[in-house]
Amino acid sequence: MKQSLCAITSNVEISPGIHLMWLEAPDIAAIAQPGQFITVCCQGLVLRRPFSVHQADTSRIALLFKIVGRGTLWLAQRQRGDKVDILGPLGNRFSIEPEVRNLLLVAGGIGIAPLVFLAQRSSAQHSVTLIYGASMAAQLYPLWLATSKKRSNLLSLPDSVRFIPVTEDGSIGKKGMVTDILPDFLGWAGQIYACGPIDMYKAMSDLICHSEGAERPKNLTQDKVRKEPKLKRCQVSLEVRMGCGIGACYGCTINTRKGPKKVCHDGPVFELDDILWEEVSI
């Protein structure tokens with residue numbers, strides 16, 4: 001864990017209210033892992049604000065965030081060359097079992113942030129499918145441009161990653177919710193990773209618990225249709241309001257089958273079936 005005063009190298013509004021910010025943070029970039037987060041000291045606020053590490057290169061990290069309050073509004077107004085106080089990397093990371101080949105990533109809305117990092121780090125050794133959903137095309141981070149059908153230059157998503165956009169209004173990709181098409185991929189996936197709203201997690205919990213006979217997705221190569229174990233591990237990243245961010249205040253505690261857990265310290269990545277979803281209200 002490092003505390004650094006980091007210079008902003010770019011801050012772009014990539015879609016209405018959604019910002020992509022790059023920070024010069026070599027100490028953090030060198031050790032950050034997919035699923036971990038950092039906290040930012042926002043001017044005028046007592047508590048730091050948590051953000052998933054969205055991407056990392058040799059010396060920089062990227063944050064993808066939506067303006068939802070005073071902290072994110074202040075951050076969105078920062079310019080190239082401004083410096084911000086960040087602490088991280090914090091929390092645990094996504095983990096992949098050694099024998100697993102096929103990874104299914106499921107993102108809802110701004111939940112795409114940590115899963116892009118995971119796709120980047122895992123695609124060289126694994127077959128990765130990313131399902132990404134939002135209400136309409138304008139609310140999707142432009143991983144895919146509807147008009148040109150080409151990958152956006154804003155993002156270095158590996159070409160080997162199979163990307164499936166889903167919108168509730170059908171304005172791009174498949175029409176519906178990500179959980180509507182999830183059953184088509186459960187038979188193929190060796191492990192599942194998700195980040196999104198609580199309602200999505202609750203629906204996924206119901207689906208995965210009854211997925212033993214799920215079909216494999218169509219139009220995959222023979223290599224990608226390799227049979228995986230039926231017992232699925234699904235890891236989810238919880239996005240909650242935090243107090244200290246380091247496990248000292250118990251402000252982000254949730255109930256699990258293993259007892260109370262602090263999201264900032266014991267998470268933010270948890271096993272889907274460990275969480276008592278009926279008791280979660282975030």
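The values are calculated or read from the model by the stated rules, or taken from the named source; none is laboratory data. Since this is a predicted model, take the numbers as computed values, not measurements. So basically every Cβ, Gly included, is an ideal-geometry build from the backbone, and we count neighbours across all protein chains shown.
For the stretch 226-240, does any single residue satisfy the condition of being closer than 19 Å to ILE112 by Cβ, surrounded by fewer than 20 Cβ atoms within 10 Å (Cβ to Cβ) and modelled with pLDDT under 90?
The answer is yes, given that some residue of the stretch 226-240 is closer than 19 Å to ILE112 by Cβ, surrounded by fewer than 20 Cβ atoms within 10 Å (Cβ to Cβ) and modelled with pLDDT under 90.
When ILE28 is evaluated against the numbered criteria (1) surrounded by fewer than 15 Cβ atoms within 10 Å (Cβ to Cβ); (2) more than 22 Å from ARG70 (Cα to Cα); (3) among the aliphatic types (A, V, I, L, M), which criterion, by number, is the only one it fails?
(1)
Here's a check for you: in the stretch 60-94, which residue that is touching a Ser or Thr at 6+ places or on another chain (Cβ under 8 Å) and in a loop (DSSP other than H, G, I, E, B) is nearest to ALA248 (Cα to Cα)? Give the derivation first.
Of all residues in the stretch 60-94, those touching a Ser or Thr at 6+ places or on another chain (Cβ under 8 Å) come to 60, 63-66, 80, 85-88, 90, 94.
This time we only want the ones that are in a loop (DSSP other than H, G, I, E, B), so: 80, 94.
Details: ARG80: 33, PHE94: 23 Å.
The qualifying residue nearest to ALA248 (Cα to Cα) is PHE94.
Mind listing whichever residues of the stretch 40-60 are within 23 Å of GLY243 (Cβ to Cβ) and hydrophobic (A, V, I, L, M, F, W, C)?
Correct list: VAL40, CYS41, CYS42, LEU45, VAL46, LEU47, PHE51, VAL53.
So which residues in the stretch 244-276 are buried (at least 17 other Cβ atoms within 10 Å of the Cβ) and touching a residue at least 24 places away in the same chain (Cβ under 8 Å)?
GLY245, ILE254, VAL263, CYS264, HIS265, ASP266, GLY267, PRO268, VAL269, PHE270, LEU272, ILE275
Here are LEU115, LEU140: which of them is hydrophobic (A, V, I, L, M, F, W, C) and at pLDDT 95 or above?
LEU115
For the stretch 107-144, give me the residue count where each residue is surrounded by 24 or more Cβ atoms within 10 Å (Cβ to Cβ) and without any contact (Cβ under 8 Å) to a residue 12 or more places away in the chain.
Number satisfying all stated conditions: 0.
So, in the stretch 95-127, of the ones that are part of a loop (DSSP other than H, G, I, E, B) and in contact with a Gly (Cβ under 6 Å, 6 or more places away or on another chain), which residue ends up nearest to ASP266 (Cα to Cα)? Quick ask: steps written out before the conclusion?
Taking the stretch 95-127 as the starting set, the residues that turn out to be part of a loop (DSSP other than H, G, I, E, B) are 95-101, 123-126.
Applying the additional criterion that residues be in contact with a Gly (Cβ under 6 Å, 6 or more places away or on another chain) yields 100-101.
Numbers: VAL100: 24, ARG101: 26 Å.
Among those residues, the one meeting the criterion is VAL100.
Inspect the stretch 101-115 for any residue being among the hydrophobic types (A, V, I, L, M, F, W, C), closer than 18 Å to GLY245 by Cα and within 19 Å of the chain's Cα centre (by Cα) and give the result as yes or no.
First, the residues of the stretch 101-115 that are among the hydrophobic types (A, V, I, L, M, F, W, C): 103-107, 110, 112-113, 115.
Among the residues that remain, those that are also closer than 18 Å to GLY245 by Cα are: none.
Within the stretch 101-115, none of the residues are among the hydrophobic types (A, V, I, L, M, F, W, C), closer than 18 Å to GLY245 by Cα and within 19 Å of the chain's Cα centre (by Cα).
Would you point out the residue of the stretch 38-89, among those that are small (Gly, Ala, Ser) and farther than 21 Å from ASP27 by Cβ, that is surrounded by the most Cβ atoms within 10 Å (Cβ to Cβ)?
So the residue we want is GLY71.
Residues of the stretch 256-282 being assigned to a helix (DSSP H, G or I) and modelled with pLDDT under 90, which ones?
Answer for the stretch 256-282, where residues must be assigned to a helix (DSSP H, G or I) and modelled with pLDDT under 90: TRP277, GLU278, GLU279.
Which one is modelled with the lowest pLDDT among residues in the stretch 1-57 that are part of a loop (DSSP other than H, G, I, E, B) and of a type in the set (S, T, N, Q)?
Restricting to residues being part of a loop (DSSP other than H, G, I, E, B) and of a type in the set (S, T, N, Q), the top hit is GLN43.
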